[in-house]
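See structure below.
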Amino acid sequence: MQRLLSTLILGVTLALCSTPAASAQVYDFEAVPDSSDTYTVAWFSIYVPETTPTVRGIYFFVNPYSNDSRYIVYEEPFRALVEGCDFALMGGRLDAVDMGSGIGDAVLEALFSFAVQSGHEEVEHTTLFFDGWSWGGQFSYHFTKWLPERTLGFVTIKGGYHNTDPAGDAIYVPGYMFIGENDLPYRIENLTGIFEEHRPLGARWILAMEPSAGHERVTDREILDDYFLTVIERRLPATIPEGEPPALRVIPEPSSWLGNREGYEIGYFACYDADPGEACWFASRDVGSAWQDFVSDGTVTDTVACDPATAQDARPPADHLTLSGAPSLFHGQTTFRYTLDHPGWVDLAIYTAGGECIRTLIGGYQEAGPQAVSWDGRDARGRSVAGGIFFGRLAHAGRSTARRVIRLR
């Protein structure tokens with residue numbers, strides 16, 4: 001209650017006293033911890049391009065522990081990056097990575113403040129892309145686990161104390177995890193273990209070891225910028241809604257590329273002939289090719305032979321892929337049933353009659369055999385949807401099918 005009251009007072013004060021000038025592009029905010037918080041420092045700066053009609057998201061650059069990154073809002077290369085895609089650019093000085101400390105709420109308070117200061121109301125509800133190094137990478141990962149629905153993607157570079165608990169829905173958030181060949185073993189083991197624990201579950205993650213490198217930040221902006229641009233292209237809806245966070249798309253496994261961590265060859269999902277649960281996951285071929293060049297130091301160019309346009313899954317195909325939804329007319333919940341002839345990655349999502357994906361029910365590996373997944377009539381943010389026509393869409397082994405259900409008012 002105290003935090004809510006403080007936030008409301010802040011909003012009224014800013015609205016009355018801080019009407020921004022057209023030339024004011026950089027805004028500052030310092031969060032004040034309340035009695036239940038354990039963080040002490042949460043200072044933020046944001047750059048909002050003048051040419052941006054609607055802020056589509058925020059690129060959040062995070063440095064190591066208590067290492068101020070607010071300078072980033074004045075760096076021209078980063079300004080050019082966000083200007084090209086109608087994003088804002090944010091840096092901060094933080095002293096906590098545990099979301100239980102209140103530091104995650106401090107980020108949300110900053111977004112509210114920046115929405116008022118800049119006159120861009122959409123900033124309050126926008127989503128974030130994290131670029132974090134060392135401790136900053138740990139913060140990026142922990143925030144993603146805490147609020148995956150507000151995270152477009154994350155980059156974490158060579159941290160050693162990422163929380164190893166199950167990642168939950170964060171596995172559907174694209175992530176790039178960098179380790180250094182000459183870094184301390186505990187840092188390598190921490191991120192590698194998290195990747196290997198979650199990738200068989202369908203985590204949309206990449207693990208990349210930088211050859212002959214220690215604990216320095218990855219500075220290859222081509223690989224980082226291309227990854228950022230690919231993720232937002234595939235995750236963001238075409239139109240940013242007013243007054244609520246955008247419904248981020250989950251990138252289907254069958255439309256991705258995979259990379260072998262031993263030989264570094266890459267391949268389209270349907271053509272990949274090794275265990276996909278051990279492979280790196282790429283949102284596009286270009287992202288995979290850049291990873292291959294980076295981890296092999298430019299010595300490998302192998303690609304699994306395949307034409308993605310006509311590819312068929314190399315594993316035994318299912319003769320039929322059928323999906324049922326019962327009851328087809330429902331108030332509370334309905335259950336989708338299907339049978340897999342062989343194990344593999346499955347995507348089962350709910351779409352509106354207009355084709356908008358509102359919730360992903362399954363996005364990962366499942367064993368062969370009969371499956372049943374219930375939908376309680378709620379969207380990805382837990383809100384009960386209005387009555388109407390919806391479709392459950394099932395994708396597996398290069399095939400897809402859909403079943404119509406009707407939610408009664």
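Derivation of every value follows stated rules applied to the coordinates shown; laboratory data play no part. As the structure is a computational prediction, the values presented were derived from the model and not from experiment. Virtual Cβ from ideal backbone geometry, glycine too; neighbours counted across all protein chains shown.
Annotations for the structure displayed:
- Were the residues from Arg383 through Tyr365 laid out at 0.36 nm apart, the gain over their Cα-Cα distance would be 3.8 nm.
- Gyration tensor over alpha-carbon atoms, the range 324-407, equivalent ellipsoid semi-axes in Å: 22, 13, 11
- Based on alpha carbons, the Rg and Dmax found for the range 2-235 are 17.4, 55 Å.
- Using only alpha-carbon positions in the range 73-137, the gyration tensor eigenvalues give semi-axes of 21, 17, 9 Å once each is multiplied by 5 and square-rooted (largest first).
- Integer Hz, Karplus 6.51/-1.76/1.60 couplings in order for the range 362-376, x for Gly and Pro: 9, x, x, 7, 9, 6, 5, x, x, 10, 9, 9, 9, 10, 8
- Lys, Arg +1 and Asp, Glu -1 on Cβ, resulting dipole of the range 2-235 about Cα centre, debye, nearest 20: 200 debye
- Note, ³J(HN,Hα) from phi for the range 178-189, Karplus 6.51, -1.76, 1.60, rounded to Hz, x at Gly and Pro: 10, 10, x, 4, 9, 6, 5, x, 5, 6, 5, 5
- Scanning residues 5 or more positions from Tyr365 or on other chains, those with amide H under 5 Å from its amide H are Gly202, Val346, with H placed 1.01 Å from N in the peptide plane.
- Alpha-carbon spread of the range 185-231, three principal axes, descending order, Å: 28, 27, 12
- Remark: C-alpha extents of the chain on the principal axes read 66, 60, 39 Å, sorted largest to smallest.
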